[in-house]
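In what follows, a structure is listed as structure tokens, so that the remarks can point back to it.
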Amino acid sequence: MAHILLHGRFTSSASLRRTLKKLLARVGRTRIIENEYKNPRWYESFHIYCAHSASNVIFTVKDDNPIGATLIGRAYVPVQELLGGEEVDKWVEILDNDKNPIAGDSKIHVKLRYFDVTTDRNWSVGIKSHKFPGVPYTFFSQRQGCRVSLYQDAHVPDKFVPKIPLAGGTYYEPHRCWEDVFDAITNAKHMIYITGWSVYTEISLDFSWFTEKDGLMGTHDEETEHYFQNTDVHCVLCPRNPDDGGSFVQDLQISTMFTHHQKIVVVDSELPTGGSQKRRIVSFVGGIDLCDGRYDTAFHSLFRTLDTAHHDDFHQPNFEEVEKQGGKDLLVQLRELDDIIISPSPVMFPDDHETWNVQLFRSIDGGAAFGFPETPEDAARAGLVSGKDNIIDRSIQDAYIYAIRRAKNFIYIENQYFLGSCFAWSADGIKPEDIGALHLIPKELSLKIVSKIEAGERFTVYVVVPMWPEGFPESGSVQAILDWQKRTMEMMYKDVVQALKAKGIEEDPRNYLTFFCLGNREVKKQGEYEPSEKPEPDTDYFRAQQARRFMIYVHAKMMIVDDEYIIIGSANINQRSMDGARDSEIAMGAYQPHHLAARQPARGQIHGFRMSLWYEHLGMLDDSILHPESEECIRKVNQIADKYWDLYSSETLEHDLPGHLLRYPVGVASEGEITELPGFEFFPDTKARILGTKSDYMPPILTT
């Protein structure tokens, strides 16, 4: 028996065949049952978020073998039976590919219940109360009484940010990431624990001046290991080992294609009161690696810091590629510190208006994490998902979904990638069911906007991504990712356009959903430092230098909801990061219980952080920006971004670019199709198609 709770939105589809062939999305998977050939019993429970168009919930039964699996048959439960919200408890026939019962009159016993998210009392109400318990069905519970610092760049210069009023008559003060990490490491006495996709010993954390070369995926792992040889620093090169649950082919895929992508620094620190030998834990969690190419300031200079801050930290992976590989299977036992490190406990009083509630989320499986329950029953109770004999934590995706569903007014996203919900893509030269980018985040966003349009309420979504993913923009992998991104955008805009037309509203869908990238352009100053090495003529690199422009690479992985809730961590919005069984990731969700958008707009640290970040991107602040959900705000931001794109892409340059936020250079047609902007088939200074190119040879698992 399988017990399943479906939580979300189903749209019933009229065509069974179409549902099976074009809209098939796997939303759950049981463990393998061994040595029960006649009457296997799973007894597994699932809590599944859904946002699908479907005619049936399909149970596929397979026979396992070392290379893959052999289909036994499928059982079908019509979606129409579930939409009423009553529990369906029944035996369902198992059918072959021709919909005929398989031999032996085989059946499977299932229990299902569907909850329409729009009838949930938590739908579109925000955090609402300081009693909000956090995201449900997750491995880690929410903690209260925390202290949180938010960082918008590695370094923010003095007096860069204008006065941003907060509640209580205070003003927002930005924090300095590199300096705080340096101080935390310097003051640690017993332990420093760093994980990263890349950690490089040659970078400096103190730019007033800490020293932290190439290996697996160009991440300097072998050089960093060599740097720390014969010291008390244990440097572990840790490949992404699969659990034992997959087939031989799946295990090979995981170990060679996926990585540990988490980025954390954990140190011991003195207690707030001081005067004690006891220590507490301080952690940095986010999207920034301690490696070259990550230090930057809010100015994002292209040329003017080449002889100062970036003299020994120039990283340009979009024009030159380095490949090496290496790795060791090794674990380090941490020293026993039970007598020194205190147990996790609040560091701020409940009535302190600067206190935070924080919850930890991960994408990881039992092959890479300790402490997971061994049985599916215990896993379900702990908020984990069972698979083929492996336990998976995909709470980062769940946290995004839950926050989107609770959102009232607006969502602001910055992420290195933006692709997914392939089950809803148009079958234009592809089979969506073969792509595997099944996570729900893009679809949840578009359905959120649709629900607000249907209710006659304003809601806006802002998304900031890089112009193109890291790498050669003309390369097959980058072009394939851009193609997936275009299909994702198109799916979302089609939802929005359809909802507007259904309400008889004639309006630009970019007033509800809008995409941006970041860039900079600088005029050449007299006496400016010029590197001795020059790029080859007639190359992308040469043309970019001549035009004095380049994108600002978005490496953040962050979402702000209603200025009251923030998710920040290492996870990209793609299947690699959200799957749980691919790249390992870590993130946190946090809010200030005294600064909620219950009766008036939230004006706590998250609001100040967003306003400071928008000032950096826009080069100005405006009263409309206080209310991102408003039509006035989104029109203003779109207008500025359109203007900055025109300045960035123009043939001539008279002044520095006044801000960095650029319209993402695509058009939106009348039915929501993504088109080229007139005159912009390629990114400036390149021959790379902005809309990407479908790859006929590269497996989707590599690029999604």
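What the table below lists for this structure:
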{"item": "Environment charge at GLU270 (Cβ cut-off 13 Å; Lys +1, Arg +1, Asp -1, Glu -1)", "result": "+2"}
{"item": "Extension gain (nm, one decimal) between GLN600 and MET698, 0.36 nm per residue minus Cα-Cα", "result": "30.3 nm"}
{"item": "Packing-based order for 90-100, 151-161, using average beta carbon neighbours within 10 Å, highest first", "result": "151-161, 90-100"}
{"item": "Residues with amide H under 5 Å from that of LEU513, placed H, sequence gap 5 or more", "result": "VAL461"}
{"item": "Scattering curve values for the stretch 487-639, log₁₀ I(q)/I(0), Debye with Cα scatterers, q = 0.18 Å⁻¹", "result": "-1.27"}
{"item": "Solvent accessible area, Å² - LYS107, 1.4 Å probe, full protein context", "result": "100"}
{"item": "Accessible area of the stretch 52-139 divided out per residue, in Å², using a probe of 1.4 angstrom", "result": "57"}
{"item": "Modelled FRET efficiency - R0 51 Å, GLU86 with TYR193, Cβ distances, 0.05 increments", "result": "0.55"}
{"item": "Sites LEU626 and THR652 - FRET efficiency at Förster radius 30 Å, r taken between beta-carbons, to 0.05", "result": "0.30"}
{"item": "Per residue, in Å², the accessible surface of the stretch 537-678 once ligands and nucleic acids are set aside, probe 1.4 Å", "result": "35"}
{"item": "Nitroxide proxy distance, nm - points 7 Å out along Cα→Cβ at PHE542 and LYS525", "result": "2.8"}
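The values are calculated or read from the model by the stated rules, or taken from the named source; none is laboratory data. Fair warning: this is a prediction, and the values are worked out from it, not measured in the lab. Reconstructed Cβ throughout: ideal geometry from the backbone, glycine too, with neighbour counts over all protein chains shown. These area figures cover heavy atoms from the full protein model, side chains too; ligands, DNA and RNA do not enter into them. Shrake-Rupley method; radii C 1.70, N 1.55, O 1.52, S 1.80 Å.
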